[in-house]
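Chemist: Have a look at this one.
The values are calculated or read from the model by the stated rules, or taken from the named source; none is laboratory data. Predicted model only: the values in this text are computed from it and were never measured. Reconstructed Cβ throughout: ideal geometry from the backbone, glycine too, with neighbour counts over all protein chains shown.
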């Protein structure tokens, strides 16, 4: 992922799709990216990983995600000052060898999610009618100030 700062909610949304890559097909993609990514993720159907309510599962994950981010900040891997303002920025600290090895072992189906995260789709705003929250429907977007 790029080293710039990102909104915490956007990162939490991406974490959800890394956890449940088959749910990527439920995202409302911009027209220019729609067919490319929907086709890739359609093959991830797994009847044993069916999510009945994305919003509820996402909401239940939030406390774990937040605690994981606090842990990363405590280790110095992300900026703790920015985290307090719901922003995430990677520090210059080198990743531990064990973590780098785990990243290299990521299966191809998750690599596709990471490729999507690094695509132009990531540059969409978090807020607004065509923003991330609207397109994923995981977080309420109706009352956002744009």
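Chemist: Name every residue in the range 120-131 that is part of a helix (DSSP H, G or I) and in contact with a helix residue (DSSP H, G or I) (Cβ under 6 Å, 6 or more places away or on another chain), in order of residue number.
Modeler: Scanning the range 120-131 gives a single hit, 121.
Chemist: Moving to a separate point now. Considering only residues that are surrounded by fewer than 17 Cβ atoms within 10 Å (Cβ to Cβ), without any contact (Cβ under 8 Å) to a residue 24 or more places away in the chain and at negative phi, which ones fall in the range 128-146?
Modeler: 129, 131, 140, 142, 143, 144, 145, 146
Chemist: Going by what's in this entry, would residue 73 be described as modelled with pLDDT of 95 or more and more than 15 Å from the chain's Cα centre (by Cα)?
Modeler: Yes: the conditions hold for residue 73.
Chemist: Which of the residues belonging to the range 1-16 are modelled with pLDDT of 90 or more and closer than 12 Å to residue 122 by Cβ?
Modeler: 6, 7, 10, 11, 13, 14, listed by residue number.
Chemist: Just the residues that are under 14 Å from the mean Cα position of the chain (by Cα) and not in a helix (DSSP H, G or I), please, taken from the range 132-146.
Modeler: Once the filter is applied, which keeps residues that are under 14 Å from the mean Cα position of the chain (by Cα) and not in a helix (DSSP H, G or I), the range 132-146 yields 137, 138, 139.
Chemist: Still on this structure, please answer the following. If I ask for residues that are closer than 26 Å to residue 55 by Cβ and either at pLDDT 85 or above or part of a helix (DSSP H, G or I) (or both), which ones from the range 109-119 would you list?
Modeler: 109, 110, 112, 113, 114, 115, 116, 117
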